[in-house]
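The values are calculated or read from the model by the stated rules, or taken from the named source; none is laboratory data. Note that the structure is predicted; figures quoted are calculated from it, not measured. Neighbour counts are summed over all protein chains in view; Cβ atoms, including those assigned to glycine, are modelled from backbone coordinates with ideal geometry.
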């Protein structure tokens, strides 16, 4: 728990730093904020490592841990992108979002007590890991799409405000959108494949029309359609950005909605989070 | 009393014909410096001549004489009678002269505030003055401070950040859309001075290739040769729209050359790659509805002027900050100048102490001779450090009082106390 609160505090601090950076545009502030973000990421990693060791199963069985793992995978994806694209302003969008997820996560009660033997599977770990990496990348696709729309709007309407100076070029944003979309899709696909293998091993069937399964498939189809349009028709820019925002809304619905309201064996309730929520 | 004087003319005080006559020949700076060296009334000098300003900066004991001689040097250089240009001159003395050179170097006095060339011009003018050995302690320090001020202004304010010319603004926008311009293709549609300037800026920012189209093919060939571009006929326009990324349009056509349906039909073939129209023609060449198409951006001359207007306002705002930095540095330099007045007294104080040390050592020479070389050295160090310690307080006291009006009486007292005047 110590590591969790440590991570939360660091992420909030980093968020503050990144927002100041967005306003002041000083590299020094970015360096501090970035280091704090990395430190928070390390704390989260340690936390998940300890929990995995203690539980003997992937520690992402309740909504609380799912949210913090979402936050972790998003920061992880950002850190990788930062190395590749050196896109500092992206941090100013990622940090608040991931800190927000952690903050919600901190208000929830986590799963306690031992977990059933069926959760102690490497397939489950793969399923969760890849699915969440996909989610993290799609979250960045989503944020970059928003940045794209803001910048595109200001160029189209010829109102070159403060965002115009702070955001990178349209081409860069579109390239990141493309990149995260492709990798996110690969991870999501792997997540679904490993998930169904795990289902076969633990419940005896690959596919059982569970609401979350259906909605995940719908999400997958939406992203597949977007990628198809990008690759064949050459969709890009505004339309691709709007579509990736739409896809992400579906993804969030799958992540939260399908688990909460639609029931099914995937729902967090059935995974044993009921206590105290 | 040493004073610093700056005399000159700039784009505001003098018409271009006059500035031209003074700065036309490249060797004017050298000649001006040579004239200055011959004058006994000028102890240090510096001469700057660019297309927007001609000015001299001198350190002198006799202000009036120095002013007169500078004006006569300028009159000889430009071959203009003195009476014709004295009204175009500005004269700054003391702190005002310091402030002036700091403002010039940080481009606050430029025609386009924040333009970067002036600093380089000052640097080479200073190198010239140093080469002729006419710059001394004060000018050297002043120039280095001027470079420092310019650097501070550049890094601490946004005075030279935003584009303030049409073609620069267009290039900035293109970079915001395409990120890098390498491998991008430009279509130059029609030709005019401003369009060619924009084309040149795009090329110098790394644009990959360029095609030129014109109503008359001969003219297209002519323009294309200038930019090592490829001429195309006007009929190929639609086909070219499928290929290029940036269009610079400036035809004299009465009607729009680029129409909505033309652009719309080519988008699919372009696979939605962004297309940027820079329309600097009046009347416009590109239908304004074209801007409503996805991934197509149209900026006409008014839009670009709007950006420049905004950037100018931003620069003016930043210039206020810059003026504060200049003022700060003027105060610092003023303080340093004042300490110069103390220097001769301090030097003679030190000389006197050294003199005493030497003579006392000589007196005890016979006893010292019995010591080993190491011991002898120790004794010497000891004597010197005693002398230095005694002087250290009076010296720092004098330095502290350097910018006070009562300085002279302190200097007098010091001279009397240590009887420095007797030598």
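Go through segment A:17-35 and give me each residue that's under 16 Å from residue A:99 (Cα atoms) and surrounded by 15 or more Cβ atoms within 10 Å (Cβ to Cβ). Spell out the reasoning first.
As a first pass, look at segment A:17-35 and keep what is under 16 Å from residue A:99 (Cα atoms): A:17-20, A:33-35.
Those that are under 16 Å from residue A:99 (Cα atoms) and surrounded by 15 or more Cβ atoms within 10 Å (Cβ to Cβ): A:17, A:18, A:19, A:20, A:33, A:34.
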Only one of B:321, B:332, B:338 is in a helix (DSSP H, G or I), closer than 30 Å to residue B:156 by Cα, at pLDDT below 85 and in contact with a helix residue (DSSP H, G or I) (Cβ under 8 Å, 6 or more places away or on another chain). Can you tell me which?
B:338
So in segment B:246-277, with the set limited to residues that are under 20 Å from residue B:194 (Cβ atoms) and within 13 Å of chain A (Cβ to nearest Cβ), which one is surrounded by the most Cβ atoms within 10 Å (Cβ to Cβ)?
B:246
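Among the residues in segment B:161-170, are any buried (at least 22 other Cβ atoms within 10 Å of the Cβ), at negative phi and either outside any loop (DSSP other than H, G, I, E, B) or touching a residue at least 12 places away in the same chain (Cβ under 8 Å) (or both)? Spell out how you get there, then give the answer.
Going through segment B:161-170, the residues buried (at least 22 other Cβ atoms within 10 Å of the Cβ) turn out to be B:169-170.
Imposing the further condition that a residue be at negative phi reduces the set to B:169-170.
Restricting the remaining residues to those that are either outside any loop (DSSP other than H, G, I, E, B) or touching a residue at least 12 places away in the same chain (Cβ under 8 Å) (or both) gives B:169-170.
Yes, because at least one residue in segment B:161-170 is buried (at least 22 other Cβ atoms within 10 Å of the Cβ), at negative phi and either outside any loop (DSSP other than H, G, I, E, B) or touching a residue at least 12 places away in the same chain (Cβ under 8 Å) (or both).
Could you check, for segment B:135-152, whether at least one of its residues is within 14 Å of chain A (Cβ to nearest Cβ), within 18 Å of residue B:115 (Cβ to Cβ), free of Cβ contacts under 8 Å to residues at least 40 places away in the same chain and part of a helix (DSSP H, G or I)? Write out each step before concluding.
Here is the first cut: in segment B:135-152, the residues within 14 Å of chain A (Cβ to nearest Cβ) are none.
No: zero hits.
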Restricting attention to segment B:172-195, report how many residues are within 14 Å of chain A (Cβ to nearest Cβ), part of a loop (DSSP other than H, G, I, E, B) and either under 13 Å from residue B:213 (Cβ atoms) or out of contact with any helix residue (DSSP H, G or I) (no Cβ under 7 Å at 6 or more places or on another chain) (or both).
3
Filtering segment B:299-310 down to residues that are in contact (Cβ under 8 Å) with a residue 12 or more places away in the chain and more than 9 Å from chain A (Cβ to nearest Cβ) yields B:300, B:301, B:304, B:305, B:308
Taking the conditions exactly as written (within 14 Å of chain B (Cβ to nearest Cβ) and touching a helix residue (DSSP H, G or I) at 6+ places or on another chain (Cβ under 6 Å)), does residue A:165 satisfy them or not?
no
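Condition (residue is buried (at least 16 other Cβ atoms within 10 Å of the Cβ) and within 14 Å of chain A (Cβ to nearest Cβ)) applied to segment B:221-232: is it met by at least one residue?
Going through segment B:221-232, the residues buried (at least 16 other Cβ atoms within 10 Å of the Cβ) turn out to be B:223-224, B:227, B:229, B:231-232.
Restricting the remaining residues to those that are within 14 Å of chain A (Cβ to nearest Cβ) gives none.
No, every residue in segment B:221-232 fails to be buried (at least 16 other Cβ atoms within 10 Å of the Cβ) and within 14 Å of chain A (Cβ to nearest Cβ).
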What are the pairs with Cβ atoms under 6 angstrom where one residue, in segment B:85-102, is assigned by TED's automatic domain parsing to the domain that holds residue B:329 and the other, located anywhere, is assigned to a helix (DSSP H, G or I) and surrounded by fewer than 16 Cβ atoms within 10 Å (Cβ to Cβ)? Sequence gap at least six, or different chains.
B:95/B:334
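Yes or no: residue B:55 surrounded by 18 or more Cβ atoms within 10 Å (Cβ to Cβ), in a strand (DSSP E or B) and either in contact with a helix residue (DSSP H, G or I) (Cβ under 6 Å, 6 or more places away or on another chain) or not assigned by TED's automatic domain parsing to the domain that holds residue B:84 (or both)?
Values: surrounded by 18 or more Cβ atoms within 10 Å (Cβ to Cβ): yes; in a strand (DSSP E or B): yes; either in contact with a helix residue (DSSP H, G or I) (Cβ under 6 Å, 6 or more places away or on another chain) or not assigned by TED's automatic domain parsing to the domain that holds residue B:84 (or both): no.
The answer is no for residue B:55.
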